[in-house]
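S.K.: Quick one: this structure, given as structure tokens, is what I'll be asking you about.
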Amino acid sequence: MCYYDGSFCLIRPPYLSTVLDSCTGKDIKIAVIDSGWDYNTFFDDRILEGISFIDDSDGFRLSVNANANDNLGHGTACTDIILQIASDAIIYPIKVFNKKLETNIEVLVKAIEHCISIKVDIINLSLGTRLEEALRPLYIVCEKTKNEGIIIVSANSNDDINSYPAMFENVISVRSGEMKEKFDYEYYNDEICECIANGYPTDALTVGGKRIKASGNSYAAPIITGLIALFLQKNIHLDLASIREELKKYCRNSLRVTSG
């Protein structure tokens, strides 16, 4: 086991530097509901002891246990991207994926409810579903989360067909796009999927300490999560509507100059 040192250099879009001063996400608690963290390879005091909501044997049955170790690399990669931006954030891995990137709605709802109970500031969901039976229970728990002042960031499906919970108005939705700078983003408040962040591809950590080129909406969402952590460090009292205003104000497309 070694100390994780992949994100000590704070990286952010250059045009945000004057806005965010020296913000690093310090004391902002982020739950990454995913496949866990590679505890077998890396120790990091910013990454807390996580929790799993899935049975180790089949990966689908609800079972609360302490094995949040990442078998897939997806959660480790998402966490690494967040820490590349918000290098002093506190990460709480919550495992809902085990042997493959599939889970069930009961597991996901319980995981989000747990985030409410431990009072995190942000939840990163690099996942989604289009199952109709998931709509109501997911919406209810996302609304409860919003009312508790917790920001949910959710990736849209990779085929860009609107998925839950990304299509809900009570979460920040993200899809990937090609950006000039690694952590640039665009914001469109009149779109169901409101944020576009770089996802073609981005450098990220995976299990065993390898670094990979990761592409897709899953890896765009953590960029927005990291930026929101910086916004919240500057003003912890920002609610969902205020976060949307911050994203709109400082997005790359709001700074474009057009000819008259």
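S.K.: What tally of residues in the range 127-148 results from selecting those that are assigned to a loop (DSSP other than H, G, I, E, B), in contact with a helix residue (DSSP H, G or I) (Cβ under 9 Å, 6 or more places away or on another chain) and surrounded by fewer than 15 Cβ atoms within 10 Å (Cβ to Cβ)?
M.R.: 2
S.K.: Looking only at the range 160-208, which residues are polar (S, T, N, Q), under 22 Å from residue 146 (Cα atoms) and not in a strand (DSSP E or B)?
M.R.: First, pick out the residues of the range 160-208 that are polar (S, T, N, Q): 162-163, 170, 173, 176, 189, 198, 202, 206.
From what is left, the residues that are under 22 Å from residue 146 (Cα atoms) are 162-163, 170, 173, 189.
Listed by number, the residues that qualify are 162, 163, 170, 189.
S.K.: Hey, another quick one. Contact list please: Cβ distance under 9 Å, first residue in the range 151-180 and without any contact (Cβ under 8 Å) to a residue 60 or more places away in the chain and under 15 Å from residue 223 (Cβ atoms), second residue in a loop (DSSP other than H, G, I, E, B) and charged (D, E, K, R), pairs at least six apart or on different chains.
M.R.: As it stands, the answer is 173/191; 173/194; 174/194; 175/160, since those pairs meet every condition given.
S.K.: Can I ask one more? Given the conditions (1) modelled with pLDDT of 95 or more; (2) closer than 15 Å to residue 85 by Cβ; (3) not hydroxyl-bearing (Ser, Thr, Tyr), report the number of the one that residue 203 does not fulfil.
M.R.: (1)
S.K.: For the range 36-61, give me each residue that is touching a Lys or Arg at 6+ places or on another chain (Cβ under 6 Å) and either part of a loop (DSSP other than H, G, I, E, B) or surrounded by fewer than 17 Cβ atoms within 10 Å (Cβ to Cβ) (or both).
M.R.: Of the range 36-61, the ones touching a Lys or Arg at 6+ places or on another chain (Cβ under 6 Å) are 36, 52-53, 55, 59.
Those that are touching a Lys or Arg at 6+ places or on another chain (Cβ under 6 Å) and either part of a loop (DSSP other than H, G, I, E, B) or surrounded by fewer than 17 Cβ atoms within 10 Å (Cβ to Cβ) (or both): 36, 55, 59.
S.K.: Applying the selection to the range 149-159, what residues are polar (S, T, N, Q) and part of a loop (DSSP other than H, G, I, E, B)? Walk me through how you get there before you give the answer.
M.R.: Here is the first cut: in the range 149-159, the residues polar (S, T, N, Q) are 154, 156-158.
Within the range 149-159, 156, 157, 158 qualify.
S.K.: Here's another thing I want to ask about it. Those residues that are aliphatic (A, V, I, L, M), within 19 Å of residue 78 (Cα to Cα) and modelled with pLDDT under 95, I need them from the range 146-186; list them, please.
M.R.: Across the range 146-186, the qualifying residue is only 179.
S.K.: Report every pair of residues separated by at least 6 positions or lying on different chains whose Cβ atoms are under 7 Å apart, first residue within the range 96-119 and over 16 Å from residue 145 (Cβ atoms) and surrounded by 15 or more Cβ atoms within 10 Å (Cβ to Cβ), second at pLDDT below 95 and among the charged types (D, E, K, R).
M.R.: 98/56
The values are calculated or read from the model by the stated rules, or taken from the named source; none is laboratory data. None of the values given here were measured: they were computed from a predicted structure. Note that we place each Cβ from the backbone using ideal geometry, even for glycine, and neighbour counts take in every protein chain shown.
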